[in-house]
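The values are calculated or read from the model by the stated rules, or taken from the named source; none is laboratory data. Please read all numbers here as calculations on a predicted model, not as lab measurements. Don't worry about glycine lacking a Cβ; one is built from the backbone with ideal geometry, like all the others, and counts go over all protein chains shown. Please note that ligands, DNA and RNA were not included when accessible areas were found on the heavy atoms of the full protein model with its side chains. Shrake-Rupley method; radii C 1.70, N 1.55, O 1.52, S 1.80 Å.
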Amino acid sequence: DPVEVLMSVQLGGGTDIGKAVRYCEQLVSQPKRTVLVLVTDFCEGADPRELVRAVRRLRGAGVRLLGLAALDGQANPFYDAKTAGSLAAEGME
């Protein structure tokens, strides 16, 4: 059950979201038929400009981008609004 997996995984900080998105970018063979779903708290541990550039490239290629905010222990959204806003400005829904 994907929802159970997402709700039971506990990861630590130091996330390089840009690196993960760049990795996914390498796997895209049919951009117009690709949806990239990013489940994150948007708290970038590396240079956020790299993440924004990767999202811009993917969007420019025609990939549909969905960003889903992480939830806290009470199921309330918990995320970095600035980074999320930057990605939304690049076309991530």
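The residues of the chain expose, per residue, 68 Å² of accessible area to a 1.4 Å probe. Which part of region 57-92 falls in the paramagnetic zone of VAL3, meaning amide N under 19 Å from the point 7 Å along Cα-to-beta-carbon? So the set is 67-78.
Candidates SER29, ALA84, ALA54 compared by Cα position along the dipole of the chain: farthest toward the positive end lies SER29, with charges placed on Cβ. Here are a few candidate values for Cα extents along the principal axes in Å: [x] 31, 26, 21; [y] 41, 29, 23; [z] 37, 30, 20. Which one was actually calculated from the structure I just gave you? Matching entry in [x] 31, 26, 21; [y] 41, 29, 23; [z] 37, 30, 20: [z]. Counting only DSSP beta bridges with both residues in the chain, tell me the antiparallel percent, nearest 5. If I count the DSSP bridges inside the chain, around 25 percent turn out antiparallel.
When the accessible area of the chain is computed with all protein chains present and a 1.4 Å probe, what percentage of it is carbon and sulfur?
On the way: 3450 of 6320 Å².
Solvent-exposed carbon and sulfur of the chain make up 55 percent of the total.
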